[in-house]
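Structure first, then comments.
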């Protein structure tokens, strides 16, 4: 199967919008979010998870999005009882944390497999 987006699927670079993420989610039925996530794994490893599997603080049983714009936006949406789309996360363990435009070699090597996983997710029926 090719690497084309399925019909009706849009890819966006959300950047670092903070609570502006809610505007990007508005009116959508399904959303796949790919972001760096500190999960204590090897750099470049990625994990698929849903919001119910995430906590806003550290936990041995769940992933942590503590102190991230995504976590803040989702917490605000919950508090305001805003309608939210179905959300699936792909968290990628960073090789290094800091300001840079470049991926670590381990994360860069994982990109093709991550793209395939996200495209497969996009092709799934809701």
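Coordinate-derived values only; no laboratory data. Here the structure is a predicted model, which means the values were calculated and not measured. Note: ideal-geometry Cβ built from the backbone for every residue, glycine included; neighbour counts use all protein chains shown.
Put in line by how crowded their Cβ is, counting other Cβ atoms within 10 Å and starting with the fewest, 49, 89 read 49, 89.
With helices as the sole contributors, the chain gives -8500 deg cm²/dmol at 222 nm; each DSSP H run of n ≥ 4 counts as -39500 (n - 2.57), and the sum is divided by every residue. Relative contact order of the stretch 18-123, taken over Cα pairs closer than 8 Å and 6 or more residues apart, is 39 percent.
Sorting 97, 32 by the number of Cβ atoms found within 10 Å of their own Cβ, with the fewest placed first, yields 97, 32. Here the spin labels are modelled as points 7 Å beyond Cα on the Cα-Cβ line, and at residue 80 and residue 101 they lie 3.3 nm apart.
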